[in-house]
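Please read the structure below before turning to the comments.
Any read-out appearing in this document is the output of simple, stated calculations on the displayed coordinates, not a laboratory observation. All values derive from a computational prediction rather than experimental measurement. Heads up, the Cβs are rebuilt from the backbone with ideal geometry, glycines too, and the neighbour counts pull from every protein chain shown.
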Amino acid sequence: MRAIVLLFMLYAGAQPVRAHDYWSDGKRVDPITKNLCCSGSDTKELDPAVVKPVAGGFLLTDTHEFIPADRVQPSPDSAIWASRWGGETRCFFYPFSF
């Protein structure tokens, strides 16, 4: 029984590492600027209320930034994500099934 509990704890503890690795593995870059998307600590889930689809892309009302459609990347899940660093959005991920 202890072995099962220990295995469960190890497995549960490994999940955040894998999620963080998605953002910080160095593979996520903006398709236009080619800037790295930063790390998991710089990538946050956005409230859908601050993301407005507009002609040619998206308006992020919390930062008043326009993200052109050619910079939008598919979200790895059903959430909207933005990698921000230095006061600007470096990468933007949108669930196209949204």
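A few remarks follow.
- Loop-located trypsin sites (Lys or Arg not before Pro) in region 31-98 (DSSP state other than H, G, I, E, B) with a sparse environment of at most 11 neighbouring Cβ atoms within 10 Å: K34.
- Averaging 1/r over every pair of different alpha carbons in region 38-98 and inverting the result gives a Kirkwood radius of 11.5 Å.
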